[in-house]
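Below is one structure, written out as C-alpha cells; the observations come after it.
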C-alpha cells in the first residue's frame, strides 16, 4: 500500500511540474529576448563572527593582526 502511495505521489508531483512548465507564457514566443534575470540584492555572503565594518581594512584588521 505504501509503495503504491509513494509511486502515485512522485508521479503526481512530476505531472504537476510538467503541467506548470507547459503553462508558462514564454514557451509560446520564439525569437524574443528573454526577460533579464533578477540579481539578488542582499549584502552578500555573511561569515559568522566577521565584523562587517572591517571589509575595507583587510581580513586581519578585525582580529587585530595588522596593528604591529
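Against the condition within 25 Å of the chain's Cα centre (by Cα) and modelled with pLDDT of 75 or more, how does residue 2 come out, does it pass? No.
Out of the residues in the range 5-30 meeting the condition of being part of a loop (DSSP other than H, G, I, E, B) and at pLDDT below 80, tell me which one is surrounded by the most Cβ atoms within 10 Å (Cβ to Cβ). Among those residues, the one meeting the criterion is 29. Between 33, 50, 61, the distinction of being at pLDDT below 80 and in contact with a helix residue (DSSP H, G or I) (Cβ under 6 Å, 6 or more places away or on another chain) belongs to 61 only.
The values are calculated or read from the model by the stated rules, or taken from the named source; none is laboratory data. Being a predicted model, the structure only gives us computed values, none of them experimental. Glycine gets a Cβ as well: all are built from the backbone with ideal geometry, and neighbour counts include every protein chain shown.
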